[in-house]
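Asker: This is the structure I want to talk about, given as structure tokens.
The values are calculated or read from the model by the stated rules, or taken from the named source; none is laboratory data. On a predicted model such as this, the values are computed, not experimentally measured, just so you know. Ideal geometry is used to build each Cβ from the backbone, glycine not excepted, and the neighbour counts take in all protein chains shown. Just so you know, the surface numbers come from the protein's heavy atoms only, side chains and all, with ligands and any DNA or RNA stripped out. Shrake-Rupley method; radii C 1.70, N 1.55, O 1.52, S 1.80 Å.
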Amino acid sequence: YAEVESYSLDGVRTIEEAEKRYLLPSADEIDYETTDQYLDKCPDTFNLLGISNCFLTLTNSMKMQDLFLNFYENEELVHSLIRKTVDNDLEIKSRILEKSAKKIDAILIADDFATQRGPLISLEMFQK
């Protein structure tokens with residue numbers, strides 16, 4: 001549990017504003033050799049590569065209630081942020097796989113899409 005005083009995307013209403021403030025690590029900044037060396041140290045373990053927690057990643061940069069309101073009020077902004085998150089993560093994970101695929105046993109694609117009582121957004125919004 002964490003209490004956040006402010007988020008990098010507080011008050012953002014346009015894609016242009018979001019581009020300036022929603023900063024993700026560049027795939028070029030990652031040391032893939034270190035990842036490969038770490039996997040070498042774990043030859044007898046089950047190595048799982050996780051891919052794209054777009055909701056979770058976004059709620060580290062935007063209040064959850066703002067994210068969900070924007071699904072209704074600013075759909076283009078949300079789609080742009082999700083696309084940027086997923087594309088960035090897939091580029092990084094693709095490079096990890098290029099280097100270390102034989103050392104990775106499975107890929108997990110997961111996110112907080114629902115609660116115990118049901119989905120966080122409608123199926124129609126999810127499909128978009």
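Asker: Take residue 18 and decide whether it is in contact with a Ser or Thr (Cβ under 9 Å, 6 or more places away or on another chain), at pLDDT 90 or above and within 30 Å of residue 115 (Cβ to Cβ).
Answerer: yes
Asker: The conditions are (1) at pLDDT 90 or above; (2) surrounded by 10 or more Cβ atoms within 10 Å (Cβ to Cβ); (3) in a helix (DSSP H, G or I); (4) of a type outside the set (Phe, Trp, Tyr), and residue 56 fails exactly one of them. Which is it?
Answerer: It fails just one condition, (1).
Asker: Further question on the same structure: Based on what the data block shows, is residue 39 farther than 25 Å from residue 16 by Cβ, surrounded by 12 or more Cβ atoms within 10 Å (Cβ to Cβ) and over 20 Å from the mean Cα position of the chain (by Cα)? Talk me through it step by step, then tell me what you get.
Answerer: Numbers: farther than 25 Å from residue 16 by Cβ: yes; surrounded by 12 or more Cβ atoms within 10 Å (Cβ to Cβ): yes; over 20 Å from the mean Cα position of the chain (by Cα): yes.
When the stated conditions are applied, residue 39 passes them.
Asker: Right, something else. Across region 1-15, what is the total count of residues that are in a loop (DSSP other than H, G, I, E, B) and closer than 21 Å to residue 79 by Cα?
Answerer: 8
Asker: I would also like to ask the following. Name, by its number, the condition in (1) part of a helix (DSSP H, G or I); (2) more than 16 Å from residue 112 (Cα to Cα) that does not hold for residue 65.
Answerer: (2)
Asker: Quickly run through region 61-79 and pick out the residues that are touching a residue at least 40 places away in the same chain (Cβ under 8 Å) and exposed (fewer than 13 other Cβ atoms within 10 Å of the Cβ).
Answerer: 75, 76, listed by residue number.
Asker: Name the residues in region 22-33 that are open to solvent by 70 Å² or more (accessible area, probe 1.4 Å) and farther than 11 Å from residue 81 by Cα, would you?
Answerer: Matches in region 22-33: 28, 29, 31, 33.
Asker: Now, a different point. When only residues in region 34-53 that are assigned to a loop (DSSP other than H, G, I, E, B) and closer than 17 Å to residue 84 by Cα count, which is modelled with the highest pLDDT?
Answerer: Here is the first cut: in region 34-53, the ones assigned to a loop (DSSP other than H, G, I, E, B) are 41-47, 52-53.
Then keep just the ones that are closer than 17 Å to residue 84 by Cα; that gives 52-53.
On the way: 52: 70, 53: 78.
This residue is 53.
Asker: Quick test for you: out of 82, 96, 107, pick the one residue that is closer than 23 Å to residue 127 by Cβ, part of a helix (DSSP H, G or I) and either at pLDDT 90 or above or of a type in the set (Lys, Arg) (or both). Break it down into steps so the answer makes sense when it comes.
Answerer: Numbers: 96 fails: closer than 23 Å to residue 127 by Cβ; 107 fails: part of a helix (DSSP H, G or I).
The conditions single out 82.
Asker: Among 92, 82, 51, 15, which is under 19 Å from residue 128 (Cβ atoms), under 16 Å from the mean Cα position of the chain (by Cα), surrounded by 15 or more Cβ atoms within 10 Å (Cβ to Cβ) and touching a residue at least 12 places away in the same chain (Cβ under 8 Å)?
Answerer: Going through 92, 82, 51, 15 in turn, the sole match is 82.
Asker: Can you tell me which residue is nearest to residue 6 (Cα to Cα) among those in region 16-33 that are among the small types (Gly, Ala, Ser) and not in a loop (DSSP other than H, G, I, E, B)?
Answerer: The extreme case among them is 18.
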